[in-house]
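Since the structure comes first, as structure tokens, the remarks are kept for the end.
The values are calculated or read from the model by the stated rules, or taken from the named source; none is laboratory data. Predicted model, so just to flag it, every value in this text is computed and none were measured. Every residue, glycine among them, receives a Cβ derived from its backbone with ideal geometry; neighbour counts consider all protein chains shown.
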Amino acid sequence: MPRVTYIEPDGRAVTLQLKRGETLMRAAMDAGLDGIEAQCGGNCACATCHCYVEPEWLDKLPLPSEDEQFMLTNVAAERRPNSRLSCQLRAQDELDGLTVVFPERQS
Amino acid sequence: MDSHSRIVIIGAGQAGIQIAESLRQEGFDGAIMLLGDEPHPPYQRPPLSKKWLIDGGAIGALSLRGPAAIERLRITLRQDTRVRAIDRQRQEVELADGSRLQYARLAIATGSLPRALPVPGASHRGVLALRGIADSLAIGEAIRRCAAEKRRVVVVGGGFIGLEVAAAARKLGAECTVLEGLPRLMSRVTAPVVSETFAQLHRTHGVQLMFGAQVAEIIGREGHAAAVRTEDGHEYPAGVVIVGIGIDPDDLLARSAGLLCERGVIVDECSRTSDPMIAAAGDCTARRMPDGALVRLESVQNAVEQGKSAAAALMGRERPFVAAPWFWSDQYDVKLQMVGLSRGYDHVVTRGDLSKPAFSAFYYRAGRLLAVDSINRISDHMQSKRLLDHGVQPTPEQAADPQFELASLLKAPVATAGGA
């Protein structure tokens, strides 16, 4: 069961156990984290589940799809090279220990 | 309000849960009671006519906020709980079981109800509308039965819900007819070029589209819908009839309590109602715009943004909802994304490839950009959102020129710093 640590906008760290294949967005929503909105429910249609992936994990993640790249052009907070949409990231065993940071705002 | 105060929220949908969550973010420390009339915790509705309808997934997959979130936010969620009346003098709500709940502030997020077909036979079994989980389950089951028994799914209404259900029916292997009373699909919200694209799409997938089809009667057999008869005398045999002719705001409680309503609870841009103790958000509202017009939006974004405004309003703060409205629809492998309100447009230009289809329609009035519909053009949609939110105006010539970079009109913050 991969563990993922989320850093909330106020700096608090929350570590969650994810099911294999579960999206980082889904787990964050179920836990009621503050830093995520996920308005479209994981359809890659709203860009309100934006997160920054800790740089050392970036190359362990599948590359963003073209759709995700387009969505990332309009995130509400600053877009950075390590910006991803958490609805497109699925928990895998090799991602155990992954840390993502939520931005100040999602919309 | 002190920490012993209680805020009651009527309606546990997308707007209701947003109000509850935003109240905590606004620093409210008292009791939050979220009252829902369904036997489910807050869930997402958009998938009910899209992926979830087709895949028939688990109910938990629709969850908006899990039990851990509800607990952490100290929200008292009461499911299967109907409110009978709001007593504004005593600041109480009366529940269906006769008990009463005191409130310091109240939020109304009662949503909307599918409009019923006003024709004989509309109450037959096998005439279904889509609003909640139970409806989606019933529609999915009926479609599968039609597919197995080689009977036709007849959809009344060529709007978003009707077309998404039609696409689901085809994916599940059922024959499908869509009856639309007007001359084209989604005619109230899109330009003819978009309607025509979706008509082609549905025909390609084998949907029979009938325009100008005014339903006169649902013909029953042993109490179950068997056919739809139109005004011109035509009969369309049906294994199930699915009605998607729009929704009406559920403003009955608010109206009965004497709140200002006009096809929805009237709110301002900060989600305040005519009673300073009460805010409202989502499908049940009608928003008074600065020019006096009333606008009704039926979307997730509206529920979320008005929910945030309502929570702030209950705390005595102003947090107006000013972003351009956006909306999306999935039909087959085509994604339609809309931003802005195209009502009153006088000119439309298109950008991209109409045949694929992968294009956007830009709506103008007197040279000002009102709205953009994007079909399989996510980048246009995202850029148009920013253009509209920032009041940046591409000329129709720029919009129509695929070589012109829309993003060049925006002074985009250039991010170079790595790390988080």
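Can you tell which of B:Y363, B:Y345, B:Y332 is away from chain A (no Cβ under 14 Å), crowded, with 22+ Cβ neighbours inside 10 Å and farther than 19 Å from B:D268 by Cβ?
Values: B:Y345 fails: crowded, with 22+ Cβ neighbours inside 10 Å; B:Y332 fails: crowded, with 22+ Cβ neighbours inside 10 Å.
From the options B:Y363, B:Y345, B:Y332, the qualifying one is B:Y363.
Here's the yes/no breakdown for (1) in the same structural domain as B:K50 (by TED's automatic domain parsing); (2) in a loop (DSSP other than H, G, I, E, B):
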residue: B:D291; (1), (2): yes, yes
residue: B:E298; (1), (2): yes, yes
residue: B:Q306; (1), (2): yes, no
residue: B:A324; (1), (2): no, yes
residue: B:Y345; (1), (2): no, yes
residue: B:G352; (1), (2): no, no
residue: B:Q393; (1), (2): no, yes
Count of the range A:17-38 residues which are facing chain B (nearest Cβ under 9 Å) and not small (G, A, S): 6
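So if I check each of B:G132, B:G158, which one is among the small types (G, A, S), within 26 Å of B:G282 (Cα to Cα), crowded, with 22+ Cβ neighbours inside 10 Å and modelled with pLDDT of 95 or more? Before you say what the answer is, go through the steps one by one.
Values: B:G132 fails: crowded, with 22+ Cβ neighbours inside 10 Å.
So the residue among B:G132, B:G158 that is among the small types (G, A, S), within 26 Å of B:G282 (Cα to Cα), crowded, with 22+ Cβ neighbours inside 10 Å and modelled with pLDDT of 95 or more is B:G158.
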Would you be able to say whether some residue in the range A:39-59 is within 11 Å of chain B (Cβ to nearest Cβ), acidic (D, E) and free of Cβ contacts under 8 Å to residues at least 12 places away in the same chain? yes
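When you check B:L53 against the structure, is it over 25 Å from B:F28 (Cβ atoms) and within 12 Å of another protein chain (Cβ to nearest Cβ), yes or no? Break it down stepwise before answering.
Numbers: over 25 Å from B:F28 (Cβ atoms): yes; within 12 Å of another protein chain (Cβ to nearest Cβ): no.
No: the conditions fail for B:L53.
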Strands (runs of 3 or more DSSP E) wholly inside the range B:50-149 containing at least 1 residues that are among the aliphatic types (A, V, I, L, M) and touching a Cys at 6+ places or on another chain (Cβ under 8 Å): B:105-108
When residues of the range B:371-397 are limited to those that are among the charged types (D, E, K, R) and in contact with a Leu (Cβ under 9 Å, 6 or more places away or on another chain), the one farthest from the other protein chains (Cβ to nearest Cβ): B:D373
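Filtering the range A:76-107 down to residues that are facing chain B (nearest Cβ under 9 Å) and more than 11 Å from the chain's Cα centre (by Cα), which residue is modelled with the lowest pLDDT?
Quick first cut of the range A:76-107, residues facing chain B (nearest Cβ under 9 Å) only: A:78-83, A:99-101, A:103, A:107.
Subset that is more than 11 Å from the chain's Cα centre (by Cα): A:78-81, A:107.
Details: A:E78: 94, A:R79: 94, A:R80: 96, A:P81: 95, A:S107: 85.
It comes out as A:S107.
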Any residue at all in the range B:244-265 that's farther than 30 Å from B:I375 by Cβ, assigned to a strand (DSSP E or B) and in contact (Cβ under 8 Å) with a residue 12 or more places away in the chain? yes
